[in-house]
1. Please turn the phi angles of the range B:183-188 into ³J(HN,Hα) values with the Karplus equation 6.51 cos²θ - 1.76 cosθ + 1.60 (θ = phi - 60°), one per residue in order, whole Hz, x for glycine and proline.
2. Quick one: 3J(HN,Hα) in Hz for the range A:384-391, Karplus 6.51/-1.76/1.60 with θ = phi - 60°, rounded, Gly and Pro as x.
3. May I ask for the angle, rounded to the nearest 10°, between helix A:188-219 and the longest principal axis of chain A, with both axes built from Cα atoms and the value confined to 0 to 90°?
4. Taking amide hydrogens as modeled 1.01 Å from N in the peptide plane, which residues meet the under 5 Å criterion relative to B:M66, leaving out close sequence neighbours?
5. Given the options B:A85, B:A112, B:A29, which has the most mean-square fluctuation in a GNM of chain B, springs set between C-alpha atoms less than 10 angstrom apart?
6. Taking accessible area as the heavy-atom solvent-accessible surface of the protein chains with a 1.4 Å probe, which residues of the range B:34-75 lose no less than 30 Å² upon going from the isolated chain to the full protein assembly?
7. I'd like the residues of the range A:153-182 whose 1.4 Å-probe accessible area shrinks by no less than 50 Å² going from the isolated chain to the full set of protein chains.
8. For the range B:1-130, what is the relative contact order in percent, using Cα pairs closer than 8 Å and at least 6 residues apart in sequence?
Amino acid sequence: MSGHESTYVAKSRFAKFMDDRLPIARMMHGQFVDFPTPRNLNYMWTFGGILMFCLVTQLVTGIVLAMHYVPSAKDAFDSVEAIRRDVNYGWLIRNIHAVGASMFFLAVYLHIFRGLYYGSYKAPREVLWILGVFIYLAMMATAFLGYTLVWGQMSFWGATVITNFFSAIPVVGTKVTEWLWGGYAVTGVTLNRFFALHYLLPFVITGLVVLHIWALHVAGQNNPTGLDVKSKMDTLPMTPYAVMKDIFALAVFVTLFVWFVFFVPDYLGHADNYNEANALVTPPHIVPEWYFLPFYAILRAVPSKLGGVLLMFAAVAILAFVSWLDTSRVRSTKYRPIYRWFFWLFTFTCLALGYLGSKPAEGWYVVWSQIFTAYYFLHFLVVMPVVGLIETPKKLPRSIAESVLGANYGGGAGAMAGATAAPEKR
Amino acid sequence: MASHEHDPTNRRDFLTMAGLGFAAVGGAATLWPFVHQMNPDASTQALASVEIDVKGVKEGQAITVMWRGKPVFIRNRTKAEIEQAAKVQIAELRDDRARNDKLPDATTATDANRVVKGRENWLVLVGVCTHLGCVPKGQSLSDAKGDFGGWFCPCHGSHYDMSGRIRKGPAPRNLEVPPYEFVGDSKIKIG
Ligand code: HEM
Ligand code: FES
């Protein structure tokens, strides 16, 4: 936290030399070793670390893929197939990258819903949260660009539909879209620039993540009670307490990850994308990757082009405003008897929209998409402000420490503090 | 500073403003090449016209050709189809503009305004759905043609009629009629 001083001690002569000139070890020690973390964090707090792992995985596998990939309309599709068949271990690296994108989104969705449930977006974490929304936006852009690179039918038509969102802009829409394409349709020219941007954006994300963690370490982590840290009793040093938990959760996550990589690498993809791009034939049923489906459902729920596109962008943008839309006095939904129901209704809504986005836009599917789209926005614009005002929160524990150690710990505060402080004093 | 006779702040303000102004203009001028490089390049623009022989296209048939990276539908309509398209009242249309690149923007979307006079059987359209750019179905005989007998875009369900006009679904505009002309008896030059 902002007031926290690193307890780093430079031991060797080299360490002392560096500590006087570029105290990077001191900073890392202060931010990631003895950094005070709430003692009650649950497993939902492990996804930040998992996301970091995902980002590094995508960067490493992506840079390797770029050594073998050819970004031209003529060769792109074949070069991807060659990576899978001819390049040594190409199949492995490509599968990790493709599955990795899905795992990245799985983790980020859990991370975001954790934030929504425990009120992590409320003061003083507004900027932290908004940086998160930017990261999410940049992730979506990166994933979209990357999917285009395969140059299969879904790549091509997905790219066409998504770039056409910009043609909905009044007056200059067509000009903007042609500027994005570098032509009058999606072509190899478009593919080439998408490759350059797909390479660039992950580094932008990395920069945003640095800011995100900086903001996190100024405000300090939230925790399941939503209470502020009040005394030393409320926290434990990040290493080993939080880090151990992170490592265990990561191991479980990676198990799922490699199961996909080795056993069902194509399960999350679409069969149509194993046909090469063809500008003359649109596949009968265009669907984006699973992590975009809820937004796709919102787009199709509106029977107007501009309206659909605007609402879809609004669905993401509205996340940036929750810090001010939520009027509740307490952060954590655990202590909010009314809001809790709405939270789960909202979660259900997102899943339902995801399902509807995968279905053709006809009949009842459209009607249900409209109903759930309406609730999606009502949740933010009506439920969040109103429930916060009328609800009486449940009784909160007096402190984080009390929520873990029970009400009676207070008597022996001295003894307890000694016990928890001992391990890292050694 | 205090010893200045004239109002020194104004003069300094002016210099600051002028300096910033120059920097802004210079910045914008430097930025422009980096923005403009993304627009369609010379070779893309050069591909702007194609000639197609339509002799083999019998009544009731259609072909698809490429023009500027986009599919273009060329259809030889039957008498019945032309009549059906001509009968539609402007008031029934979702988009009342002709969207014919050769005619002014305000032209109304009658069937006559979407074809060449004397060649009403030939309907030439950019085969790109005006919603989000899919290629509508309806070119081959076995295709679903939608509720209005022309084309149907399966992506998000847009229905076009026998004149390529939007009748139902999320697409906002009629299918575009590209600039084209007949050269000789059986050749069409698009672009
Ligand atoms: C590349 C993507 C991301 C990475 C690598 C990342 C990384 C992290 C890390 C390491 C933490 C600290 C550990 C934790 O509390 O879980 C954290 C916290 C947080 N993140 Fe992210 N994050 C990402 C995306 C997002 C997104 C998309 C949002 C929200 C829209 C978000 C919102 C937050 C919030 C509010 C916290 C503070 C949570 C708390 O203490 O309750 N993050 N992030
Ligand atoms: S692209 Fe044709 S209906 Fe959406």
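The values are calculated or read from the model by the stated rules, or taken from the named source; none is laboratory data. The model shown is predicted, which means the values in this text are computed figures rather than measured ones. Cβ: placed from backbone, ideal geometry, glycine included. Neighbour counts: every protein chain shown. Heads up: the accessible areas ignore ligands, DNA and RNA and are worked out on the full protein's heavy atoms, side chains in. Shrake-Rupley method; radii C 1.70, N 1.55, O 1.52, S 1.80 Å.
1. 10, x, 7, 10, 10, 10
2. Result, rounded to whole Hz: 4, x, 6, 4, x, 7, 9, 8.
3. Result, in degrees: 10.
4. Amide H to amide H, under 5 Å and 5 or more residues apart or across chains, B:M66 pairs with B:V72.
5. B:A29
6. Checking the loss per residue gives B:M38, B:N39, B:P40, B:T44, B:M66, B:R68, B:G69, B:K70.
7. Going by heavy-atom accessible area, the residues of the range A:153-182 that drop by at least 50 Å² are A:W179.
8. On the way: 111 pairs, mean separation 24.1, N = 130.
Dividing the mean separation by the residue count of the range B:1-130 yields 19 percent.
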